[in-house]
Amino acid sequence: MSNELVFVPVEEFARVRRLNMSSFERASLFADLCRLNALSMITFAGSGHIGSSFSSLDIFTWLLLHELRGGEDGGAPDLFFSSKGHDAPGLYAAMIACGQLPPDALRKLRRLGGLPGHPDVATPNVVTNTGSLGMGISKAKGMVFADRLLGRHRRIFVMTGDGELQEGQIWESLISAANHGLDTITVIVDHNKLQSDIWVSETSDLGDLEAKFAAFGWEVGRCDGHDFASLAGALDEMRNRNGRPKIIIADTVKGKGVSFMESTSMAEGQALYRFHSGAPDQEVYARAAEELIARGNDALDQVGTARLRLDTVARPARVLPAGAESLVAAYSKALIVEAEGDERIVALDGDLVLDTGLIPFRERFPRRFLECGIAEQDMVSQAGGMALQGLRPIVHSFACFLAARPTEQIYNNASERSKVIYVGSLAGALPGGPGHSHQAVNDIAVLGAIPGLDLVEPCCAAEVAPLLLHLLHVSEGSGYLRLVSVPRAVPYSLPADYRPRAGHGVMLRDGVDGLVIGYGPVLLPEAWHAARALSERDGIELAVVNLPWLNRVDADWLRATVEGKRAVFTLDNHLVDGGQGRMLAAAIAELELDSPPLVRRFGLADFPVCGQNDEVLIAHGLDAGSLAKAFARALAHGSRAERHLWNGLTPNEPAVT
């Protein structure tokens, strides 16, 4: 199979549906072919979730082929959606096979204008967005309320994960559903026993799930989620129960369908499941594809029909840019150094120990590590309690989760004047593949106004440790360390004697015609390259300044930095509204300079698009080429003394005010 990927064309799925097989045999073959396509989609995209897609694909297949009514009886079509979201590649593969998405979508996973990494209503036949986990049952309840008001009758099926059951909203949603007799809702739990990092039972043992759901007033069933007779029987039984909402616990295996990917094949003592997220290398892909193809051909041989016809495409080459730096790796090392010298430091994790760089800390300080699972509010409040007792808790999750659901808890901790450090990784618009549910572009706005909470973002690996030290030992209150997770190449370096000073920035490139102020390793390099291009091409000299402080700026430093400049451009890896640029624009106005500079703010104007990283930056006009054009045009406007807001954007220009 060399460096090639294989896809099952939609015509083969149509052929399978016509074969003389039992419904269970057909569903098994159909699901395996969907697994092959999901595997190839993830590999072609360069990222995605294999394990969760494979554990749920048998359920998707049976629902789409045999359970969901399409309104043929005159009623409204049944609805189905996934609340857990990590199964998106599997769901897409099944939808493509059933004709609910176009065939060319097979090669558009996590691409601009294609299939987002997590479900989004912009995709045909996708019912609702998947956000932070736990929202699905509540969404279904709202849909049932609307159905009752509008006189519609249909069933609504919701897929949840078992790790997702740690989210408090799940349990909040159950009581009123039973109280109101929402019997058109059927929830299916993909009970594969694993969450992102480890076994669910090791994080927060779910205990007797059947008894728990029944205690909340739900009709409860259970089945083998990979045995179609068992699954069909459970659905049939639930169809005949009325008056209460229904839930089916489907016992599944993460990675089901490829022997070495199945969670049941994990070696004793293995700490992490290998195939939760990410794309397999070519050797692993080839082994998995060969196993699925062989089983599919065996099934076709059994009914005496032609073997699979497959389409072949080249696997896209992906090479990290030379000199790419990982801020998460730098943070992991810095945290160990600090913890060695301070026994008060404890680390809390929200089921992302691999992605947040905490494995070395957990191994070195097992008693000072707490896995809190998919329960951010609980995690943050636990950290608050630790801080009140003299510990120095550091809380870890993705920025999109850490700055959203537990905001009230972060505010409460800050009001106690204790010190808690929050580390939000996966910050900003990149990586663009997972989609906007994982692209944290409002966290500065959400957290920036909390009193006593310093928000910082390092511009390179060398700045990570100094900023962590500052938050731990210099800042009086709590701190939020915003980390970009994508390795990035940076064309600049910090001074050898660099030490962070609250509200102060550092010059990365000098220039007399204007000034770009930004932060982080995503957009500062783009600004640096844009400034170099303007210098070489037009003789325009723009200074580039790194200001790692996202919600504070020193007035004296700002005055000395911007005074005499024709223009100041702020650059946010964040929504323009609520970003660092808004703070800077207000602060510059308050300086009351005799000759104030033209101020333009650049960043995102709307939800970030999903796609490859370069696609995302270009789409939002935040790549070096787009920025160079925008800077030059703004300077031209400024030279004519036009101080009003500048608009006139094209689709490839950044948001600017």
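The values are calculated or read from the model by the stated rules, or taken from the named source; none is laboratory data. Everything numeric here is computed off the predicted structure, so don't read it as measured data. Positions of Cβ are backbone-derived with ideal geometry, glycine not excepted, and every protein chain shown enters the neighbour counts. We work out accessible area using only protein heavy atoms, side chains counted, and drop any ligands, DNA or RNA first. Shrake-Rupley method; radii C 1.70, N 1.55, O 1.52, S 1.80 Å.
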Given charges of +1 on the Cβ of Lys and Arg and -1 on the Cβ of Asp and Glu, with all other atoms neutral, how large is the dipole of the chain about its Cα centre, in debye to the nearest 20? 940 debye
How long is the gain from ARG633 to ALA322 if the chain were fully straight, where each residue apart is worth 0.36 nm and the alpha carbon distance is subtracted? 108.8 nm
Rounded to the nearest 10 degrees, what's the angle between the helix 523-538 long axis and the longest principal axis of the chain, both from Cα atoms, 0 to 90? 60 degrees
Which label marks the calculated value of volume of the Cα convex hull per residue in Å³, given the options [x] 157; [y] 171; [z] 186? [y]
Please report, as a whole percent, how much of the solvent-accessible surface of segment 233-344 comes from carbon and sulfur atoms (probe radius 1.4 Å). 49 percent
Accessible area per residue, Å², segment 342-501 with all protein chains present, probe 1.4 Å: 35 Å²
Over segment 486-557, what relative contact order in percent results from Cα pairs under 8 Å that are six or more residues apart? 43 percent
Reduced to Cα centres, the span from segment 480-555 to segment 1-72 in Å works out to 47 Å
Round to the nearest 10 and give me the degree value, 0 to 90, for the angle of helix 282-302's Cα axis relative to the longest principal axis of the chain. 20 degrees
Specify which residue in the list GLY46, ILE248, ALA567 is farthest towards the positive end of the charge dipole of the chain, using unit charges on the beta carbon of Lys, Arg (+1) and Asp, Glu (-1), about the Cα centre. ALA567
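Once you list every other residue whose beta carbon is under 14 Å from the beta carbon of GLN439, what net charge do they have if Lys and Arg are +1 and Asp and Glu are -1?
Numbers: positive: ARG110, ARG482; negative: ASP120, ASP443, ASP572, ASP606, GLU615.
Neighbour charge sum, excluding GLN439 itself: -3.
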Counting as exposed only GluC sites (Glu not before Pro) in DSSP loop states with no more than 12 other Cβ atoms inside 10 Å, the longest exposed-site-free span of the chain is 73-267
Whole-Hz Karplus couplings 3J(HN,Hα) for segment 611-621, θ = phi - 60° and coefficients 6.51, -1.76, 1.60, Gly and Pro as x, run x, 5, 4, 5, 4, 5, 4, 5, 4, 9, x
So what is the accessible area of segment 1-159 per residue, in Å², with the probe set to 1.4 Å? 34 Å²
Give the relative contact order (percent, whole number) for the chain; include only Cα pairs under 8 Å separated by 6+ residues. 12 percent
Ranking request for peptides 47-55, 303-311, 483-491: highest mean number of other beta-carbon atoms within 10 Å first, then the rest in descending order. 47-55, 483-491, 303-311
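Just want to confirm a number: the relative contact order over segment 167-264, from Cα pairs under 8 angstrom separated by 6+ residues, in percent.
Normalised by residue count, the contact order of segment 167-264 is 37 percent.
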At a 1.4 Å probe radius, carbon and sulfur cover how many percent of the accessible area of segment 502-576? 45 percent
Select from segment 320-392 those trypsin sites (Lys or Arg not before Pro) which occupy a DSSP coil region and have at most 15 other Cβ atoms within 10 Å, ordered by residue number. ARG344
Please report how far the C-alpha centroid of segment 561-587 lies from that of segment 253-313, rounded to the nearest whole angstrom. 50 Å
Of the accessible area of segment 95-134, with the probe set at 1.4 angstrom, what percent is carbon plus sulfur? 52 percent
When ligands, DNA and RNA are left out and all protein chains stay put, how many square angstrom of accessible area per residue does segment 192-247 have with a 1.4 Å probe? 43 Å²
